[in-house]
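Reading through the structure tokens given below for one structure.
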Amino acid sequence: MMDETPMVERRRPRGRMRITDLARGWQLIAVTMLLLAVVLHVAPQQLGLVAYKGSLISGAAMMAYWIDRVIFHRARPGIGELDHWGEVHAMYRRAIIMGCAMIAAGLAA
């Protein structure tokens, strides 16, 4: 018979990050490299512009993610401290913050 007590997530001290926290966007990096290879094959003269705009948007996405994590460190999706609607609102909040930052970076210069 299984124990019905909920599992308690172990919290590490605030301020300490693991390597896995820093490398969460590896899928985005892999897709970006694949798309850069396609642009290099199709229109090599545009590679500089694509790399510049891609770096702006990728940087904005990572910056917005970490801004959301720092500002709302107790109301993050997926940590189990929120009820269902709190989780939903946290996911929408993060998506809106990241989307706005990416649009702003894409429209810049």
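What residue, among those in the range 48-61 that are of a type in the set (A, V, I, L, M) and surrounded by fewer than 16 Cβ atoms within 10 Å (Cβ to Cβ), is nearest to Arg94 (Cα to Cα)?
Ala51
Pairs under 7 Å by beta carbon, first residue among the β-branched types (Val, Ile, Thr) in the range 59-77, partner surrounded by 16 or more Cβ atoms within 10 Å (Cβ to Cβ) and not in a loop (DSSP other than H, G, I, E, B), six or more apart or different chains?
Sorted first by the residue in the range 59-77, then by its partner, the pairs are Ile67/Ile97.
Go through the range 28-71 and report how many residues are more than 20 Å from Ile97 (Cβ to Cβ) and within 12 Å of the chain's Cα centre (by Cα).
Residues meeting the conditions: 1.
Look through the range 73-102, keep the residues that are at pLDDT below 85 and basic (Lys, Arg), and return whichever of them is surrounded by the most Cβ atoms within 10 Å (Cβ to Cβ).
Out of the qualifying residues, it is Arg76.
The values are calculated or read from the model by the stated rules, or taken from the named source; none is laboratory data. These numbers come from a predicted model, not from an experiment. Neighbour counts are summed over all protein chains in view; Cβ atoms, including those assigned to glycine, are modelled from backbone coordinates with ideal geometry.
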